[in-house]
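A.B. asks: For reference, the structure I am asking about is given below.
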Amino acid sequence: MASIRELLFEAEALGVLRFEAEVLLAKVLQEDRAYLMTWPEKKITDDLENHYRLWLVRRAAGEPIAYILGTKEFWSLPIFVDPSTLIPRFDTECWLAWLFKEYESHSKLDILELGSGSGAIALAIAHEKPQWSICAVEQSAEALVLAKKNAEMLSCPQIEWLQSDWYQAVSGRCFDLILANPPYIAEEDPHWRQGDLRFEPKQALVSADAGLRDLTHIIEQAPQYLRAEGTLLVEHGFEQGCAVSDLLKGAGFKDVKTYNDYAEKPRWSVGRLV
């Protein structure tokens, strides 16, 4: 049997970061990372040791920790994730914070989220604003199953989940607010084939027409599904801000603004329908 110290040294030999190894080992042991620091000489049972080493090999091969653990924290909520969905990003929380501040005084709001994936965004909204109405649509049946599992775990029964190719399943309906974090990476961009991204679903990352096809469809169709004074918010690539602003203005949106993410890069844009 190996000790905690020895197992963490093994990670370094495989090229796994110390912090990541600690996260994996702590999860295997069902303890926090402070426990590893307190008991470095503690011997681990063979079963737990093997479990940890399997995870270590997966991480050394580049698999994201979120997929290995099966969970990712988003808006302080534990979210189940798997390779059928994108891993929720911290930067997405910046526009959620804006949303809650912007609509702080609204006791009711009818929201449509397009491409919900794991359901992280819809669940964060439902958790903060249980009185708001949320319809979350997702094309992938596998991702939708996972989103519903998350909703059950977090006790958010108020969300309406629909399998839909963007607006297909909500024909004839109108909302106060539409949110979308669609695929926006260009096919020719090498980044989606590198690092953690290569393990995530391509259909949720890559879009045609230099990454703008899905954004264009969502923006051009949005006025049909928004009430007067309704708002569309879309996340996009940091080099797409100008193109997205032009698309919003061309679709009849006013007060178009592009905002930076936590890294001070233009990452999401908003327009209001007059």
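A.B. asks: Looking at ALA141, ALA147, ALA136 in this structure, which one is within 15 Å of PRO201 (Cβ to Cβ) and under 14 Å from the mean Cα position of the chain (by Cα)?
C.D. replies: None of the others qualify; the one that does is ALA147.
A.B. asks: I've got another one for you. What are the residues in region 64-82 that are open to solvent by 30 Å² or more (accessible area, probe 1.4 Å) and of a type outside the set (S, T, N, Q), if any?
C.D. replies: ILE65, LEU69, LYS72, GLU73, TRP75, PRO78, PHE80, ASP82
A.B. asks: Return the residue satisfying two criteria in turn: it lies in region 83-112 and is assigned to a loop (DSSP other than H, G, I, E, B) and open to solvent by 50 Å² or more (accessible area, probe 1.4 Å), and of such residues it is farthest from TRP132 (Cα to Cα).
C.D. replies: Checking each candidate, the answer is PRO83.
Residue by residue, here is whether (1) aliphatic (A, V, I, L, M); (2) closer than 20 Å to LEU123 by Cβ; (3) in contact with a Ser or Thr (Cβ under 7 Å, 6 or more places away or on another chain) holds:
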position: TYR35; (1), (2), (3): no, no, no
position: GLU49; (1), (2), (3): no, no, no
position: LEU56; (1), (2), (3): yes, no, no
position: ARG59; (1), (2), (3): no, no, no
position: THR71; (1), (2), (3): no, yes, no
position: PHE74; (1), (2), (3): no, yes, no
position: PRO78; (1), (2), (3): no, yes, yes
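A.B. asks: Sticking with this one: Select, from SER164, SER116, SER133, the only residue that is of a type in the set (S, T, N, Q), closer than 23 Å to ARG267 by Cβ, touching an Asp or Glu at 6+ places or on another chain (Cβ under 8 Å) and without any contact (Cβ under 8 Å) to a residue 60 or more places away in the chain.
C.D. replies: It is SER116.
A.B. asks: Determine which member of the set LEU14, LEU8, LEU48 is farther than 22 Å from ASP82 by Cα, more than 25 Å from the chain's Cα centre (by Cα) and open to solvent by less than 30 Å² (accessible area, probe 1.4 Å).
C.D. replies: Within the list LEU14, LEU8, LEU48, the selection yields LEU8.
A.B. asks: Of all residues in region 172-223, which are within 15 Å of ILE87 (Cβ to Cβ) and among the charged types (D, E, K, R)?
C.D. replies: Once the filter is applied, which keeps residues that are within 15 Å of ILE87 (Cβ to Cβ) and among the charged types (D, E, K, R), region 172-223 yields ASP196, ARG198, GLU200, LYS202.
A.B. asks: I would also like to ask the following. Cβ-Cβ under 7 Å, sequence separation 6+ or interchain: first residue in region 261-274 and within 12 Å of GLY241 (Cα to Cα) and at pLDDT 95 or above, partner among the polar types (S, T, N, Q) and surrounded by 21 or more Cβ atoms within 10 Å (Cβ to Cβ). Which pairs?
C.D. replies: VAL270/THR231
A.B. asks: Please go through region 8-50 and give me each residue that is under 16 Å from ILE68 (Cβ atoms), of a type in the set (Val, Ile, Thr) and outside any helix (DSSP H, G or I), ordered by number.
C.D. replies: The one that is under 16 Å from ILE68 (Cβ atoms), of a type in the set (Val, Ile, Thr) and outside any helix (DSSP H, G or I): VAL16.
The values are calculated or read from the model by the stated rules, or taken from the named source; none is laboratory data. Treat the numbers as computed from the prediction; the structure is a model and nothing was measured. Note that each Cβ is placed from the backbone with ideal geometry, even for glycine, and that neighbours are counted across all protein chains shown. With ligands, DNA and RNA removed, areas are computed over all heavy atoms of the protein, side chains included. Shrake-Rupley method; radii C 1.70, N 1.55, O 1.52, S 1.80 Å.
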